[in-house]
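Reading through the structure tokens given below for one structure.
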Amino acid sequence: MHTSHADHAEHSGTSHGNLKAYLTGFGLSIILTVIPFWMVMHPGFSRTEILASILGLAVVQILVHLVYFLHMNRSSEQRWNVVSFAFTVMVLALLVGGSVWIMYNMMAQLMAAPYVMPDQ
């Protein structure tokens, strides 16, 4: 008894993308990479505009990768994947944000204390 890959995907509840979806995701990824590169290489944009566009398009590109390559969507089959991804993002935000907060407070307190030279 031989089952094809399509039969396995149908019974396992996972959705696999088709060639059109992968090419659409690839095209969007290329476009979202070329736009900031072009902005950096051509003068006329301020540093703030370039930085804002790089950060904004990076977030959009992350969403494109999640939807087109990791197949995360609002379907019931993907609910647990989306919940686990959201939990991972929350834990990472807490770890990174907490670490930056602690380092900032330590720097502020250490730099505020006057340095007293010991008697010689």
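The values are calculated or read from the model by the stated rules, or taken from the named source; none is laboratory data. Everything quoted here is computed from the prediction, not taken from an experiment. Counting neighbours? That spans all protein chains shown, and the Cβs are built from the backbone with ideal geometry, glycine included.
Pull out all pairs, ordered by first then second residue, where Cβ-Cβ is under 6 Å, the residues are six or more apart or on different chains, the first lies in segment 52-79 and is under 19 Å from Asn18 (Cα atoms), and the second is in a helix (DSSP H, G or I) and β-branched (Val, Ile, Thr). Pairs found: Met72/Val82.
Residue-wise test of (1) surrounded by 12 or more Cβ atoms within 10 Å (Cβ to Cβ); (2) at pLDDT 95 or above; (3) assigned to a helix (DSSP H, G or I); (4) in contact with a strand residue (DSSP E or B) (Cβ under 9 Å, 6 or more places away or on another chain).
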| position | (1), (2), (3), (4) |
| --- | --- |
| Ala6 | no, no, yes, no |
| Thr14 | yes, no, no, no |
| Gly17 | yes, no, no, no |
| Pro43 | no, no, no, no |
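Answer with yes or no whether Ala93 is loosely packed, with under 11 Cβ neighbours inside 10 Å, under 26 Å from Ser29 (Cα atoms), among the small types (Gly, Ala, Ser) and out of contact with any Gly (no Cβ under 9 Å at 6 or more places or on another chain). Yes; evaluated as a whole, the condition is true for this residue.
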